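A short reminder: the numbers here are calculations on the coordinates, not readings from a lab. Remember, it's a predicted structure, so these values are computed and weren't measured experimentally. Cβ sites come from the backbone with ideal geometry, for glycine too, and all protein chains shown count toward neighbours.
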C-alpha cells in the first residue's frame, strides 16, 4: 500500500526485456514494493546507484510505456510503523488519462484530464485520485474528464509542473468507489443488502 506522497524523482537508466533499471538515492532491498509513476513494482536486484524492477505482461498491457522513461516519481510501499498521510493507494493503474487543458490561476493551476467514460463512475468530486503516483483531490467531474487544481508546491516538487496538453498520465481511481461498485453490481437485483454486505462495505473503511 502507498500514500501517493512522492519520495523522490528518480531517473530511468534502462528499460529492456521487461526489466526497468532505476537510478535513485533511495536504498532499496530485493523484494521491496516501489511505485514508479504510480505503478507498483517489485525490486529484483539492487545496484550501486539504484535498483532493477520487473514489469509483468499484465502491467505492460495497461500502462503507457512512455511513463517509464526519463525522470519518474518513486514511492516505497508504506510500513505499518509509518505515519499515514495522503490517501490509500494500491499502485494498480486503472487507465491512462490525457491532459486536455492547463489553465493558470492566481495561486494554482487547473488541469482537465480526459479519460475513458467507463472510469468516470470511480472518480468522485472532492474525492481522491492518483496521477502518476501523486495523491490529488478531484474538484469537478464531467462526462469524460475531471478537473484538478494543483498548488505551486506540488508543481515544483513533482513532474506535474512539466505536463502540458497531450501528456499521458497513469490514473488510479478511488479504491472505495471501485469496491462498493463491485459489491453492488454483483449482488442480485432482487436481493436486498445483507448484513454481510454491510460488513464488507464497513471493512473498506
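Site pair residue 90 and residue 144 shows an inter-label distance of 2.6 nm when each label is modelled 7 Å from Cα along Cα→Cβ. Looking at the chain, the DSSP beta bridges with both ends there are about 100 percent antiparallel. Expressed as an acute angle from 0 to 90° and rounded to the nearest 10, what is the orientation of the C-alpha long axis of helix 175-185 relative to the principal long axis of the chain? Taking Cα atoms only, the helix is inclined about 40 degrees.
Under 4 °C and 1.567 mPa s, how fast does the stretch 8-76 diffuse according to Stokes-Einstein, given a Kirkwood radius computed over C-alpha pairs? Answer in µm²/s, whole number. Using the Kirkwood radius from Cα pairs, D works out to 111 µm²/s.
Computed over the chain, the per-residue total of -39500 (n - 2.57) for DSSP H runs of n ≥ 4 gives a 222 nm mean residue ellipticity of -4000 deg cm²/dmol, rounded to 500. Neighbour counting of Cβ atoms within 10 Å sorts the residues 135, 66, fewest neighbours leading, into 66, 135. Dimensions of the chain based on its C-alpha atoms, expressed as ranges along the principal axes with the largest first, amount to 59, 42, 33 Å. Taking Cα centroids, how far is the stretch 118-157 from the stretch 16-93 in Å? Answer, in whole Å: 21.
Counted residue by residue at 0.36 nm each, then reduced by the alpha carbon distance between them, the extension gain from residue 110 to residue 47 reaches 18.8 nm. Debye-formula intensities of the stretch 95-179, expressed as log10 I(q)/I(0) at q = 0.14 Å⁻¹, are -0.41 (one equal scatterer per alpha-carbon, no solvent).
Per-residue extension of 0.36 nm, minus the Cα-Cα distance of residue 185 and residue 126, leaves a gain of 18.9 nm for this segment.
Note on residue 153/residue 177: beta-carbon distance plugged into 1/(1 + (r/R0)^6) with R0 of 35 Å gives a FRET efficiency of 0.85.
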